[in-house]
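Okay, so here's the structure we're looking at.
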């Protein structure tokens with residue numbers, strides 16, 4: 001039989017586990033994790049927008065996340081369901097991470113294409129400048145001047161736009177990428193409260 005002091009130490013230790021870093025969320029039941037409109041079993045049920053929002057808020061406030069601690073009343077815990085829920089959470093986070101990763105990859109690939117096209121246009125522009133210097137016909141010279149003048153801003157625009165897509169737009173278009181990356185790698189634990 002444990003003494004009151006030992007029980008108090010256990011409670012303090014459990015409380016410290018909850019407070020130390022990472023994400024800890026208090027739930028009334030397992031249903032708090034899932035959408036109220038989805039009647040499917042836990043293994044395939046959609047996650048609640050409120051739960052995802054709270055996770056995002058918690059991740060934004062913290063640095064490196066290694067654990068997601070879900071606190072549930074001791075009398076409502078079910079180890080079999082917890083295993084299913086952990087697997088469902090991992091699947092959800094992995095799926096969304098892959099989707100966000102595809103978006104970033106597509107944008108970076110597109111940016112690389114723009115960068116490459118801009119570089120080619122600038123090289124062509126350089127050759128136009130050199131070639132027009134050797135021309136004696138005034139009309140051809142004016143035509144090559146026109147091509148040179150048009151190709152310079154076009155080349156620089158596509159060049160810089162490509163770099164912008166690679167380094168800036170990719171990050172802006174997929175703000176949830178880091179969130180899902182952190183959540184995919186974290187361990188999920190259920191604790192009593």
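One table, with the values for the structure above:
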{"read-out": "Cα-projected label distance for residue 146 with residue 84, points at 7 Å along beta-carbon direction, nm", "value": "7.3 nm"}
{"read-out": "Using a Förster distance of 41 Å, the FRET efficiency for residue 137-residue 116 (Cβ separation, nearest 0.05)", "value": "0.80"}
{"read-out": "Values of log10 I(q)/I(0), in the order q = 0.08, 0.17 Å⁻¹, for the chain under a Debye, Cα-only, solvent-free model", "value": "-0.49, -1.09"}
{"read-out": "Candidates 182, 132, 90: whichever shows maximal mean-square fluctuation once the chain is modelled as a Gaussian network with Cα springs under 10 Å", "value": "132"}
{"read-out": "FRET efficiency, residue 108 to residue 60 (Cβ-Cβ, R0 35 Å, nearest 0.05)", "value": "0.90"}
{"read-out": "Sequence of 66, 136, 158 once ranked by neighbouring C-beta atoms within 10 Å, starting from the fewest", "value": "136, 66, 158"}
{"read-out": "Label point at residue 77 placed 7 Å out along Cα→Cβ; residues across the range 173-193 whose backbone nitrogen lies under 14 Å", "value": "189-193"}
{"read-out": "Among 103, 149, 65: highest mean-square fluctuation, GNM of the chain, C-alpha pairs under 10 Å", "value": "149"}
{"read-out": "Packing-based exposure ordering (other Cβ within 10 Å, fewest first) of 184, 79", "value": "79, 184"}
{"read-out": "Sorted by Cβ neighbour density within 10 Å, fewest at the top, the residues 125, 44, 35", "value": "44, 35, 125"}
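Just so you know, all these numbers are worked out from the coordinates, no wet-lab data involved. The shown structure was predicted, so the numbers you read here are calculated from the model rather than taken from an experiment. Virtual Cβ from ideal backbone geometry, glycine too; neighbours counted across all protein chains shown.
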